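Asks: Have a look at this one before I ask anything.
Read the figures in this text as sums done on the coordinates, not as results from a lab. Computed from a predicted model, the values in this text were never measured in an experiment. Virtual Cβ from ideal backbone geometry, glycine too; neighbours counted across all protein chains shown.
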Amino acid sequence: MAFVRSSIREVGQSKAQDNLQSFAAVAMPTVGQSGLAAYATANAGEVETSVIGSDLTILGGKLTIISQNRLQIDGEIQGDVTGKQVTIGTGGSVTGTVSAERIEIHGGVHGAVRARTVALHPSSLVDGEIVHEMLSISEGAQFDGRVRRAKDVNELTPNLDPKSYSTQAS
């Protein structure tokens, strides 16, 4: 894609050119502002996403990963995952319990899935129990196990308090 910048605004400038200049104003850092700072300023209203990359494998018997916001898993986790919103990417996998308000599965889960909203996408492979309030299973998704609707919505509320886990482990 090529960008052309004109120093003089011509009468009758197209809407595409106006949009391009608006994009440049948001996406390009101003003098004295780093690219990261410009990104943070432009995306100040968005929720942060933590990423477990495809090159990462996390192993642990009593391991619990807690995210206060969004968590994208593209690597392998052997342990439990809790967050507000958890997305397991196509190459990602979790062996353990995944619990959140919303869970999107594109990869694999071997264990329990507990959320108000659960979405199994075509590339997903789930082996275990799903407890949900709302469930969607796309054509091509593979699921083997048990599924049930929660009797009480409170049983699907993820525990995002790290202190409560440390007292449970003692």
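Asks: Sorted from fewest to most neighbouring beta carbons within 10 Å, what does the list 90, 82 look like?
Replies: Result, fewest neighbours first: 90, 82.
Asks: Check the straight Cα-Cα distances from residue 62 and name the aspartates and glutamates below 18 Å, setting aside those fewer than 8 residues away within the same chain.
Replies: Result set, ordered by chain and number: 76, 80, 161.
Asks: With each label point set 7 Å from Cα along the Cα-Cβ vector, what nm distance links residue 57 and residue 90?
Replies: Placing both labels 7 Å along Cα→Cβ, they lie 2.2 nm apart.
Asks: Follow-up. As an exercise, use a Förster radius of 22 Å and the Cβ-Cβ distance of residue 151 and residue 101 to find the FRET efficiency, rounded to the nearest 0.05.
Replies: Calculated transfer efficiency: 0.80.
Asks: Below 12 angstrom from the Cβ of residue 145, what's the summed charge of the other residues (Lys, Arg +1; Asp, Glu -1)?
Replies: For residues surrounding residue 145, the net value is -1.
Asks: Another question about this same structure. Can you check what the net charge comes to around residue 51, using other residues whose Cβ is under 13 Å from the Cβ of residue 51 (Lys, Arg +1; Asp, Glu -1)?
Replies: Spelling it out: positives minus negatives among the neighbours equals -2.
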